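A.B. asks: This is the structure I have questions about; it appears just below.
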Amino acid sequence: MSGALLYLPYAVAVWLFLAGAYGLVRSRHLVHSVLCLAVVQSSTYVLLLSIGFLAKAGAPIFNPPQVPPGSRSVDPVVQALTLTDIVVGATVTSLLLAMTIQIHRRKGTVDPHHLRLTRG
Amino acid sequence: MNDRARTVLFLVSAAAVAAVLIEGIAGLSPFGTHQTAYAAMLLRVAVLERHVLNVATAVNFDYRGFDTLGEEFILFTSIAGVLIIFSELRGGKTLYPEPMDGPADRGRTAAIRAFATGLAAFVAAMGMNVALHTSITPGGGFQGGAIFGSAVVCIYLGAGYAALDRTAKKSLLDTLEALGAAAFALIGVATAFLSGAFLKNSLPLGAAGSIPSGGTIFAINAAVFVEVGCGFALLLLLYLHQTCKTEEEQR
């Protein structure tokens, strides 16, 4: 691997972020919007894990005597962050989908273009 | 704003954001060539200090345990939000699950029901197994909890909502989920009294490589498993409950 390829994983994260944001802007359906937000969020997983990656290194889980503690491993900090990120992301997505169901029952539409500002 | 103007506005601002992000990643080290001093230090000391072989677990529940506590409460609040929205939506109306001989139940033989029940038990046990081995394998409370919660789907697919409603009690799951979240925070408070610092590891560490190792790591992992497992099961139940119909919708 050389040159621009060494920056490809970071570029993928940027691409996911922008593609998800584009989907959000063009969305005509709230479920689609929620999924676009999930795409935006997944860019953080790609960015975190690619920052933590180390060539020719194992998982940060040691198994003595074959893999003694302190062996060359990828970054455990970003892995821990990604782990909680995924689980929390799933529950936040579920909250947004519940809101979508509520909007559908109340307003009869899930097209953001047909939703006016809600009055309090 | 029409679609065209919106898209043009997006493309202009996206170009600006992209420029900043590309400038940012150009300043990063090439992929796979650099390790932060923090990561290198943790990999060196985690096993010695905390007696867990899975360093990601040590980071999650100990070194960055306070962050995880914050994430736990995002999870808790989201699930509470879903609970509130769904109970407000059709609260007060009596809801009927699809009858056992309804369209969704046609074609489910006794063998399928029995298999689904067995599968649900297996999935639940698998979730506990993954959570239990947090200190020595890539398992943990978050992953195990997510697996545990999906047992609900097995019962739903194999036996239908009515059967699920009888087996899985929402109030029990809700209580357990809250207790899991509370246990995490209370472990923090208890360690603050025991050792003078919030979430400081102050239980006996056990032998590295054994299942109950890591002191408070193991206890917090158990609390997280209960919260995530019951939380996911509750979420799935709440969504599946939306398939029920009110009396007027049934007609």
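The values are calculated or read from the model by the stated rules, or taken from the named source; none is laboratory data. None of the values given here were measured: they were computed from a predicted structure. Virtual Cβ from ideal backbone geometry, glycine too; neighbours counted across all protein chains shown.
A.B. asks: Name the residues in the stretch A:42-57 that are at the interface with chain B (Cβ under 10 Å from one of its Cβ atoms) and in a helix (DSSP H, G or I), would you?
C.D. replies: Of the residues in the stretch A:42-57, the ones at the interface with chain B (Cβ under 10 Å from one of its Cβ atoms) are A:43, A:47, A:50-57.
Matches in the stretch A:42-57: A:Ser43, A:Leu47, A:Ser50, A:Ile51, A:Gly52.
A.B. asks: Could you check how many residues of the stretch A:25-41 are small (Gly, Ala, Ser) and in a helix (DSSP H, G or I)?
C.D. replies: Count: 2.
A.B. asks: When the stretch A:65-85 is examined, which residues are found to be over 15 Å from B:Ala40 (Cα atoms), facing chain B (nearest Cβ under 7 Å) and either touching a strand residue (DSSP E or B) at 6+ places or on another chain (Cβ under 7 Å) or not aliphatic (A, V, I, L, M) (or both)?
C.D. replies: Of everything in the stretch A:65-85, just one residue is over 15 Å from B:Ala40 (Cα atoms), facing chain B (nearest Cβ under 7 Å) and either touching a strand residue (DSSP E or B) at 6+ places or on another chain (Cβ under 7 Å) or not aliphatic (A, V, I, L, M) (or both), namely A:Thr84.
A.B. asks: Could you tell me which residue of the stretch A:1-23 is farthest from the other protein chains (Cβ to nearest Cβ), considering only residues that are surrounded by fewer than 18 Cβ atoms within 10 Å (Cβ to Cβ) and over 29 Å from A:Ala55 (Cα atoms)?
C.D. replies: Per the stated criteria, the residue is A:Gly23.
A.B. asks: Taking the criterion of being assigned to a loop (DSSP other than H, G, I, E, B), out of contact with any Pro (no Cβ under 9 Å at 6 or more places or on another chain), basic (Lys, Arg) and free of Cβ contacts under 8 Å to residues at least 40 places away in the same chain, would at least one residue in the stretch B:197-206 satisfy it?
C.D. replies: yes
A.B. asks: For the stretch B:45-81, how many residues are at the interface with another protein chain (Cβ under 7 Å from one of its Cβ atoms), assigned to a loop (DSSP other than H, G, I, E, B) and touching a residue at least 24 places away in the same chain (Cβ under 8 Å)?
C.D. replies: Number of matching residues: 1.
A.B. asks: Which condition from (1) in contact with a helix residue (DSSP H, G or I) (Cβ under 9 Å, 6 or more places away or on another chain); (2) without any contact (Cβ under 8 Å) to a residue 60 or more places away in the chain; (3) loosely packed, with under 15 Cβ neighbours inside 10 Å is the one that A:Leu54 breaks?
C.D. replies: Evaluating A:Leu54 over (1) in contact with a helix residue (DSSP H, G or I) (Cβ under 9 Å, 6 or more places away or on another chain); (2) without any contact (Cβ under 8 Å) to a residue 60 or more places away in the chain; (3) loosely packed, with under 15 Cβ neighbours inside 10 Å leaves (3) as the failure.
A.B. asks: On to the next question. Suppose the filter is surrounded by 20 or more Cβ atoms within 10 Å (Cβ to Cβ), of a type in the set (A, V, I, L, M, F, W, C) and either at pLDDT below 90 or closer than 19 Å to A:Ile101 by Cβ (or both); does B:Leu240 pass it?
C.D. replies: Considered against the rule, which asks whether it is surrounded by 20 or more Cβ atoms within 10 Å (Cβ to Cβ), of a type in the set (A, V, I, L, M, F, W, C) and either at pLDDT below 90 or closer than 19 Å to A:Ile101 by Cβ (or both), B:Leu240 comes out as no.
A.B. asks: Which one is farthest from A:Phe62 (Cα to Cα) among residues in the stretch B:18-44 that are more than 7 Å from chain A (Cβ to nearest Cβ) and surrounded by 13 or more Cβ atoms within 10 Å (Cβ to Cβ)?
C.D. replies: Residue satisfying both the conditions and the ranking: B:His34.
A.B. asks: Criterion first (free of Cβ contacts under 8 Å to residues at least 12 places away in the same chain, out of contact with any His (no Cβ under 6 Å at 6 or more places or on another chain) and closer than 24 Å to B:Phe148 by Cβ) does B:Thr175 satisfy it?
C.D. replies: yes
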